[in-house]
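A short worksheet on the structure shown next.
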Amino acid sequence: MEESIKMEYFRDENILIRTILPEDAQIICDEEKAQGWAQTVDKYLSRINDFNSGKCISLIAEYKGAVAGYINIYPNSAWGAFAHRGYSEIVDFGVLEKFRKNGIGTKLMDTAEKIAAEYSDTVYLGVGLHSGYGSAQRMYVKRGYVPDGTGVWYGESIAAPYKEYCNDDNLIVYLSKKLG
C-alpha cells in the first residue's frame, strides 16, 4: 500500500480534520467492534487504496488527538442514484459513539461538502433506513438533503415495489443537496 500524505482541512482547539493514514484503518475498525458493530478492517483499507489511487478523498476526524470519525468523498461517483453524472458522493460517514455530540459530524460534513463543491454543484449520499441511521437521517434533512425520487434501494439496485427486503445496511434511500 502506498503511503498516504497527511493534509489538514480543518483545525480548532478540539477537532482536526485530516486525510486518512494507513494506521487509522485498524483504529476505526477496533473502535467500531467495541461499539458492537460487525466490522472488518478491509472496508477501511479499501477506502485508503481508493484515496491513494485518486478515486476519493478520505478524511479522518480527531477529537483532542484521538481518531473519532471518518468520511469519504467520491467525485463523479460510479454507483448509486446519481452514478456517472458528475456528482460527488459522500460514502461511509461515521462518528464513533463515544465522541458524538461534540460537533465532529458537523465539521466532517462541512468539510466534505466544501470538497464536493470543488467538483460539482450537487452532492449525494445513501443513508440506511433502519433505526441505527436515525440520527444521520435527521442530520441530513437539517442540512438540506432531499430524497432523489428513485425510492428505496437495496444494494446497487432500486428495490422493486411489493418485494421483501432485509432491513439491513444495504436498504437505503439516496439523498442529494445543491451546493453553493
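The values are calculated or read from the model by the stated rules, or taken from the named source; none is laboratory data. In this text, all values refer to a predicted model and were calculated from it rather than measured experimentally. All Cβ positions, even for glycine, are placed from backbone atoms using ideal geometry, and neighbour counts span all protein chains on display.
Does the stretch 157-173 contain any residue that is among the aromatic types (Phe, Trp, Tyr) and in contact with a Ser or Thr (Cβ under 9 Å, 6 or more places away or on another chain)? No, because not a single residue in the stretch 157-173 is among the aromatic types (Phe, Trp, Tyr) and in contact with a Ser or Thr (Cβ under 9 Å, 6 or more places away or on another chain).
Quick grid of which residues meet (1) polar (S, T, N, Q); (2) surrounded by 13 or more Cβ atoms within 10 Å (Cβ to Cβ):
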{"residue": "PHE10", "(1), (2)": "no, yes"}
{"residue": "ASN14", "(1), (2)": "yes, yes"}
{"residue": "PRO22", "(1), (2)": "no, yes"}
{"residue": "ASP42", "(1), (2)": "no, no"}
{"residue": "GLY54", "(1), (2)": "no, no"}
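With the structure loaded, tell me whether SER46 is at pLDDT 90 or above, closer than 18 Å to ASP169 by Cβ, polar (S, T, N, Q) and out of contact with any helix residue (DSSP H, G or I) (no Cβ under 6 Å at 6 or more places or on another chain) or whether it fails that test. Steps first, please.
Numbers: at pLDDT 90 or above: yes; closer than 18 Å to ASP169 by Cβ: yes; polar (S, T, N, Q): yes; out of contact with any helix residue (DSSP H, G or I) (no Cβ under 6 Å at 6 or more places or on another chain): yes.
Taking the combined requirement at face value, the residue satisfies it.
Taking GLU156 as the residue in question, decide whether it is at pLDDT 95 or above, out of contact with any His (no Cβ under 6 Å at 6 or more places or on another chain) and either more than 24 Å from PRO75 (Cβ to Cβ) or among the charged types (D, E, K, R) (or both). Considered against the rule, which asks whether it is at pLDDT 95 or above, out of contact with any His (no Cβ under 6 Å at 6 or more places or on another chain) and either more than 24 Å from PRO75 (Cβ to Cβ) or among the charged types (D, E, K, R) (or both), GLU156 comes out as no. For the stretch 154-162, check the following and say yes or no: at least one residue is among the polar types (S, T, N, Q) and closer than 26 Å to GLY103 by Cβ. No - not one qualifying residue is present in the stretch 154-162. Taking the stretch 4-19 as the range and being at pLDDT 95 or above and either basic (Lys, Arg) or closer than 17 Å to SER46 by Cβ (or both) as the test, the residues that pass are ARG11, ARG18, THR19.
Rundown of residues vs (1) among the aliphatic types (A, V, I, L, M); (2) under 27 Å from HIS84 (Cα atoms), yes/no style:
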{"site": "GLU8", "(1), (2)": "no, no"}
{"site": "ILE28", "(1), (2)": "yes, no"}
{"site": "LYS33", "(1), (2)": "no, no"}
{"site": "LYS43", "(1), (2)": "no, yes"}
{"site": "ARG47", "(1), (2)": "no, yes"}
{"site": "SER53", "(1), (2)": "no, yes"}
{"site": "ILE57", "(1), (2)": "yes, yes"}
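Condition check for LYS64 on (1) farther than 17 Å from TYR140 by Cβ; (2) buried (at least 20 other Cβ atoms within 10 Å of the Cβ): one failure, at (2). Per the conditions (1) modelled with pLDDT of 95 or more; (2) touching a helix residue (DSSP H, G or I) at 6+ places or on another chain (Cβ under 7 Å); (3) surrounded by fewer than 12 Cβ atoms within 10 Å (Cβ to Cβ), the sole criterion not satisfied by MET1 is (1).
Yes or no, residue by residue, for (1) under 21 Å from ILE48 (Cα atoms); (2) of a type in the set (A, V, I, L, M, F, W, C); (3) over 16 Å from the mean Cα position of the chain (by Cα):
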position: GLY65; (1), (2), (3): yes, no, yes
position: GLY69; (1), (2), (3): yes, no, no
position: SER77; (1), (2), (3): yes, no, no
position: ALA81; (1), (2), (3): no, yes, no
position: VAL91; (1), (2), (3): yes, yes, no
position: PHE99; (1), (2), (3): no, yes, yes
position: ASN102; (1), (2), (3): no, no, yes
position: THR106; (1), (2), (3): no, no, no
position: GLY126; (1), (2), (3): yes, no, no
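PHE93 satisfies every condition listed in (1) over 25 Å from LYS64 (Cβ atoms); (2) touching a strand residue (DSSP E or B) at 6+ places or on another chain (Cβ under 6 Å) except (1).
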